[in-house]
Amino acid sequence: MAAADQQERHTNSPAQPSALARRFLILHEFPPPDLERAWRECLTRVEVPAHYDTPEFFLEPYWVGQNPFAVLAFTDSKMVGVLTGLRDGDEIVSGLPSRPQVCIDQRADKVLTTDILAEGLLSAAGSANLITVYSWASTALPAFEHHGFRVRELEGAVVFDLSPGMQPRFDHFAKNRRRDVRIAIRNGIEVSEETTAEDLQAYWEVYSAWRKTDRKQIHHDRSFAAIEKVHNMPSNHRRFLARYQGKVIAAAGVRFFPGGLIEYANNCSLDEFMKLLPNDLLVWRMIEWACRHEFKRFSLGGSHPFLRKWGGTVVPIYRYRLDRTLFRRHNLKEGIAEMARNLVDRMPPPLQGRVRNVFRKQRAAMARWI
């Protein structure tokens, strides 16, 4: 099969490997029909599947030059786990600190499944010198530590249960968040889905202006072609536009697995209209949309103060990292930074500020040396 790397020869189809055949498959493109069916059937046994757990991961327009791959784990002729990721030179990464990309069949042996996923990931990684995987705390990967990965608990992301419905969800927001949503409505902000070519063009204009803002550091630059492709993927993506007096002034997007997890994926806005609070109303309208479409959970993709006030739970995310560089320099850098933080935290508050300023000035130089 052109799409899969062979672990060992097998006699059955990839969707139904025999006990003597492979325990995992590594894919580099959208799967053929039999394997696609097995993959989708596996997702029906995952507690809350996400979009990047699905075959559509390979259809995303953002992975150009990043070599997307998927590791599929099998036991007893059944697919029981999925891990997707990207390769950038000597680095392999699955997910982000706010967005895991691994899921496991709830009925499967978790230790065995994670052991198979780890074997498959190491096979896919080859000689890569840094391999990083993120998982939700509820989808911990116990066998990864036996393969040399170091685990670290991260702050995670705000997630909330949508089953209570819209009004209970609204009532659970922080008081000032409910106030800001109401103010945005009184200010005349209106929110609707992006559906037409004109909507897409309006989104592009806001996004392009937002890219030039001095308000924050922006790390990605999407092409119009990529943004248009997402516009044409409504089964997994939706965008919402906030208008003031007919003009689009802010926008936000979600990605999702129908009936599973919906994720706050992106936002852009025009600085001169921020005082009208369009982003507050955008998030609320997306939550309403998610409730109407019976999603199980909503992840806000981070845990900073704006997100915490929506009243969800900050769910930890685990990072598993295998550092194979000379002198384990990534682990060394992180260890030094952690010791420095602990030392600064013990200092008197006025001295903490001065020391942190020195650290900020030295960070770039240290990064180059490490």
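The values are calculated or read from the model by the stated rules, or taken from the named source; none is laboratory data. Values in this document were obtained by computation on a predicted structure and should not be read as measured data. Positions of Cβ are generated from backbone atoms using ideal geometry, with glycine treated the same way; all protein chains shown enter the neighbour counts.
Data table
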quantity: Meets criteria (among the β-branched types (V, I, T), outside any helix (DSSP H, G or I) and at pLDDT 95 or above) for V206; calculated: no
quantity: Residue that is modelled with pLDDT under 95, under 21 Å from V314 (Cα atoms) and out of contact with any Asp or Glu (no Cβ under 8 Å at 6 or more places or on another chain), where the choices are R169, R177; calculated: R169
quantity: Pairs, first farther than 17 Å from K78 by Cα in region 40-56, second at pLDDT 95 or above and in a helix (DSSP H, G or I), C-beta under 6 Å, six or more apart; calculated: P49/L43
quantity: Any hit, region 110-120, residues being part of a helix (DSSP H, G or I), over 18 Å from V80 (Cβ atoms) and among the hydrophobic types (A, V, I, L, M, F, W, C); calculated: no
quantity: Hey, R319 among the charged types (D, E, K, R), surrounded by fewer than 21 Cβ atoms within 10 Å (Cβ to Cβ), outside the structural domain of T44 (by TED's automatic domain parsing) and modelled with pLDDT under 95 or not; calculated: no
quantity: Test: residue in region 153-160 that is more than 25 Å from A50 (Cβ to Cβ) and exposed (fewer than 15 other Cβ atoms within 10 Å of the Cβ); calculated: no
quantity: So V181, is it β-branched (V, I, T), assigned to a helix (DSSP H, G or I) and over 18 Å from G301 (Cβ atoms); calculated: yes
quantity: Residues of region 81-98 satisfying the condition of being over 18 Å from R324 (Cβ atoms), surrounded by fewer than 24 Cβ atoms within 10 Å (Cβ to Cβ) and hydrophobic (A, V, I, L, M, F, W, C); calculated: L96
quantity: Single unsatisfied condition, L343 versus (1) under 29 Å from R222 (Cα atoms); (2) among the aliphatic types (A, V, I, L, M); (3) not assigned by TED's automatic domain parsing to the domain that holds R169; calculated: (1)
quantity: Of residues in region 248-273 being without any contact (Cβ under 8 Å) to a residue 24 or more places away in the chain and assigned to a strand (DSSP E or B), the one nearest to T213 (Cα to Cα); calculated: N267
quantity: Filtered residues of region 286-296 (kept if charged (D, E, K, R) and either in contact with a helix residue (DSSP H, G or I) (Cβ under 6 Å, 6 or more places away or on another chain) or surrounded by 20 or more Cβ atoms within 10 Å (Cβ to Cβ) (or both)); calculated: E288
quantity: Complete set of residues in region 116-142 that are of a type in the set (S, T, Y) and over 21 Å from E153 (Cα atoms); calculated: S123, S127
quantity: Some residue of region 128-139 being modelled with pLDDT of 95 or more, among the hydrophobic types (A, V, I, L, M, F, W, C) and over 30 Å from R328 (Cα atoms); calculated: no
quantity: Index of the failed condition, L27 passing every other in (1) touching a Leu at 6+ places or on another chain (Cβ under 6 Å); (2) at pLDDT 95 or above; calculated: (1)
quantity: Condition check for T75: more than 17 Å from the chain's Cα centre (by Cα) and over 27 Å from K296 (Cα atoms); calculated: yes
